[in-house]
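Engineer: This structure is in structure tokens; I'll ask about it shortly.
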Amino acid sequence: MSYAQSRTLLTEGPIWKRMLSFAFPLLLGNLFQQLYNTADTLIVGNFLGSNALAAVSSSGSLIFLLVGFFNGIAIGAGVIIARYYGARQKEELQRCIHTTVGFGILCGVLLTVVGVAAAPLILTWMKTPAEVLPSSILYFRIYFMGSLAFVLYNNFVGILQSVGDSRHPLYYLIFSSLVNIALDLLFVGVFHFGVGSAALATILSQFVSALLCLYRLTRKSPEEYRVSLRKIQLDRFMLRQIIANGLPAGLQNSIISIANVFVQSNINSFGKMAVAGCGTYSRIEGFAFLPVTCFSMALTTFISQNLGARKHDRARKGARFGIVCCLVMAELIGMIIYVTIPVLISAFNRNPEIIDYGTRQARTIMPFFFLAAFSHCMAGILRGAGKSAVPMYVMLVCWCLIRVTYISIIVRFIPSIEVVFWAYPLTWTLSSAAFLWFYKKSDWVHGFEHQSSSGR
């Protein structure tokens, strides 16, 4: 085993130390990713006012709908890469990595076309208020012109994280986040270019981070997972594995996003102040999701590497440790947000109505945040175990069908925005119960052993 590989393998050493040393850079990276995403809202809200803030906020769910699907595919690729890395199968690892990059290029081009073309139709369907619709369309279209950078960046980060390197993506993300904030301040605060320039700042900084990751993979990475531009390909066997594992994760993200787009359309019907207040809350909620996201990603990689190395007992112990850490951290952050939410929202905009809407949503949802954390952790564990279809079905039923049905029926009888807010705790409870049952009853540690053949 090379020195570089021994530093990134999660199959050796104390479980708590390996997982925390891998998860902590992910946590910091997610923090800067959230700052990255929040910079547009914060700067636009302060310099351009409530209409511009509503325009940026209204497109958030739609952006995640399209980006989330392709991110799910990247997650599926990461599971396969981690499996081969844990099993120390160098040839298969190289084929999978270069197929991941080639497929990412195709997905980035496709997302650009779909995102730019679909913006007016979907934003209108979402009942985006008429006074902010033109600005929302402009922001959305410029944002998706950078789709290739978004998709490739997530693929590159997925490769690095799958082999246990969570430090270098953190460094690149910190740098690109600072670039994004600087460009936001320059374009919006100094030159007053408007809402579209905030999206332009985001895509330019995303290209920076994608190029930094590419440089690391092509020039500085150990030979076993180094990328060569001449070897980029679409290997049929690897592509089938990536799609088989990534499609359920991508559909899961899209399912959640479709439900959230429906929720957003109901929020939009309460007017632009509700759009701005709840959109601002969603940015703040993103910070509460930091430990959830990092431990979910860490669990996927940890489980996949250890099951690839056939260390089943270590995988079980790691799963338990990751779940406990995630739940404790998520609920602590959630309670801090519950108490401080009026002050946090006022940093974006001081309009009392905007603050009121965001505060009401936070204080309905945050006490139940541990349920969302548990569901995401279980989804990460099952993806790492090769059972990515399970979280897809759970999310489809609980977070999409039941959530949409609940809102569609109850809002007709109780036309209150609190009804919309309660959709989240109720469906988190149902998904947590389903995941807990499956975790206790199934033999999830033997999920993908039959898939380990490396034929072409």
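The values are calculated or read from the model by the stated rules, or taken from the named source; none is laboratory data. Since the structure is predicted, the reported quantities are computational estimates derived from the model, not experimental observations. For neighbour counting, all protein chains shown are included, and Cβ atoms are generated from backbone atoms with ideal geometry for every residue, glycine included. In case anyone asks, the SASA skips ligands and DNA or RNA and just uses the protein heavy atoms, side chains included. Shrake-Rupley method; radii C 1.70, N 1.55, O 1.52, S 1.80 Å.
Engineer: Roll a 1.4 Å probe over the protein heavy atoms and report the accessible area of Leu211 in Å², nearest 10.
Structural biologist: Number for this one is 110 Å².
Engineer: Keeping all protein chains in the complex and leaving out DNA, RNA and ligands, what accessible area do you get for His192 with a 1.4 Å probe, in Å² to the nearest 10?
Structural biologist: 120 Å²
Engineer: Past the 11 angstrom mark, what percentage of all C-alpha to C-alpha distances in region 14-54 do you count?
Structural biologist: Details: 556 of 820 pairs.
Result for the distance tail: 68 percent.
Engineer: Looking at region 185-282, which chymotrypsin sites (Phe, Trp or Tyr not before Pro) are DSSP coil and have at most 12 other C-beta atoms within 10 Å of their C-beta?
Structural biologist: Phe191
Engineer: Would you work out the relative contact order for the chain, in percent, from Cα pairs under 8 angstrom that are 6 or more residues apart?
Structural biologist: With pairs under 8 Å counted, the relative contact order is 24 percent.
Engineer: Whole number in Å², please: accessible area per residue of the chain, 1.4 Å probe, ligands, DNA and RNA not counted.
Structural biologist: Numbers: 17620 Å² over 456 residues.
Each residue of the chain exposes 39 Å² on average to a 1.4 Å probe.
Engineer: Please turn the phi angles of region 363-373 into ³J(HN,Hα) values with the Karplus equation 6.51 cos²θ - 1.76 cosθ + 1.60 (θ = phi - 60°), one per residue in order, whole Hz, x for glycine and proline.
Structural biologist: Once rounded to whole Hz, the list reads 7, 7, 8, 4, x, 10, 5, 4, 5, 5, 4.
Engineer: Could I ask something else about it? Give me the percent of Cα-Cα pairs in the chain that sit more than 36 Å apart, rounded to a whole number.
Structural biologist: 24 percent
Engineer: The chain: longest stretch without exposed GluC sites (Glu not before Pro) (DSSP loop, at most 15 other Cβ within 10 Å), sites themselves excluded?
Structural biologist: It runs 132-456.
Engineer: Return the long-range amide H neighbours of Gly164 (sequence gap of 5 or more, or a different chain), with a cut-off of under 5 Å between placed amide H atoms.
Structural biologist: Residues meeting the criterion, in which the H sits 1.01 Å from N, do not exist here.
Engineer: Hey, another quick one. Distance between the C-alpha centers of region 222-249 and region 251-277? Whole Å please.
Structural biologist: First find each Cα centre; the distance between them is then 34 Å.
Engineer: What dipole magnitude, in Debye to the nearest 20, does the chain give about its Cα centre under +1 on Lys/Arg Cβ and -1 on Asp/Glu Cβ? Working shown, then result.
Structural biologist: Numbers: 36 positive and 18 negative charges, 256 e Å.
For this selection, approximately 1240 debye.
Engineer: Oh, and also: Hey, if we sort Trp125, Trp399 by accessible area with the 1.4 Å probe, largest down, what's the order? Can you show the working numbers first?
Structural biologist: Details: Trp125 150, Trp399 10 Å².
Accessible-area ranking of Trp125, Trp399, largest first: Trp125, Trp399.
Engineer: With labels modelled as points extended 7 Å from the Cα through the Cβ direction, what inter-label distance (nm, one decimal) is found for Arg412 paired with Arg88?
Structural biologist: Once both label points are built, they end up 6.3 nm from each other.
Engineer: Next question. Work out from phi, with θ = phi - 60° and the Karplus expression 6.51 cos²θ - 1.76 cosθ + 1.60, the ³J(HN,Hα) of each residue of region 226-236, listed in order in whole Hz, and give x for Gly and Pro.
Structural biologist: Per residue, the Karplus-derived 3J(HN,Hα) values read 6, 9, 10, 4, 6, 9, 4, 8, 10, 5, 4 Hz.
Engineer: Let a ≥ b ≥ c be the square roots of the eigenvalues of the Cα gyration tensor of region 276-366; is it rounded (a/c under 1.5), or, if not, prolate (a/b larger than b/c) or oblate?
Structural biologist: It is prolate, given that a/c is not under 1.5 and a/b is the larger ratio.
Engineer: Also, quick follow-up: Name the shape class, rounded, prolate or oblate, that the alpha-carbon gyration tensor gives for region 288-442, where a ≥ b ≥ c are the square roots of its eigenvalues, rounded holds for a/c under 1.5, and otherwise prolate holds if a/b is larger than b/c and oblate otherwise. It would help to have the intermediate numbers written out before the result.
Structural biologist: Working: a/c = 3.10, a/b = 1.63, b/c = 1.90.
Cα axes put region 288-442 in the oblate bin.
Engineer: If you don't mind, there's one more thing I want to ask. Show me the ranking of peptides 342-352, 164-174 by mean Cβ neighbours inside 10 Å, starting with the highest.
Structural biologist: Those peptides, ordered most packed to least, come out 164-174, 342-352.
Engineer: Express the relative contact order of region 68-161 as a whole percentage, based on alpha carbon pairs under 8 Å and six or more residues apart in sequence.
Structural biologist: Across region 68-161, relative contact order equals 44 percent.
Engineer: Now for a different question. Given the pairs Lys387/Lys440; Lys220/Lys317; Lys231/Lys387; Lys17/Lys311; Lys17/Lys441, which are separated by over 23 angstrom at their Cα positions?
Structural biologist: Details: Lys387/Lys440 15 Å; Lys220/Lys317 33 Å; Lys231/Lys387 30 Å; Lys17/Lys311 17 Å; Lys17/Lys441 29 Å.
Where the Cα-Cα span goes over 23 Å, the pairs concerned are Lys220/Lys317; Lys231/Lys387; Lys17/Lys441.
Engineer: While we're here: For Ile63, tell me the accessible area in Å² from a 1.4 Å probe, rounded to the nearest 10.
Structural biologist: It works out to around 20 Å².
Engineer: For region 197-205, in order, what is each residue's ³J(HN,Hα) by Karplus, 6.51 cos²θ - 1.76 cosθ + 1.60 with θ = phi - 60°, in whole Hz (x at glycine and Pro)?
Structural biologist: Each residue's phi maps through the Karplus curve to give 5, 5, 5, 4, 4, 5, 6, 5, 5 Hz.
Engineer: First check a/c for region 180-335, with a ≥ b ≥ c the square roots of the eigenvalues of its C-alpha gyration tensor; if it is under 1.5, answer rounded, and if not, answer prolate when a/b is larger than b/c or oblate otherwise.
Structural biologist: oblate
Engineer: A further question on this structure: Got a number for carbon plus sulfur as a percent of the chain's accessible area, 1.4 Å probe?
Structural biologist: 68 percent
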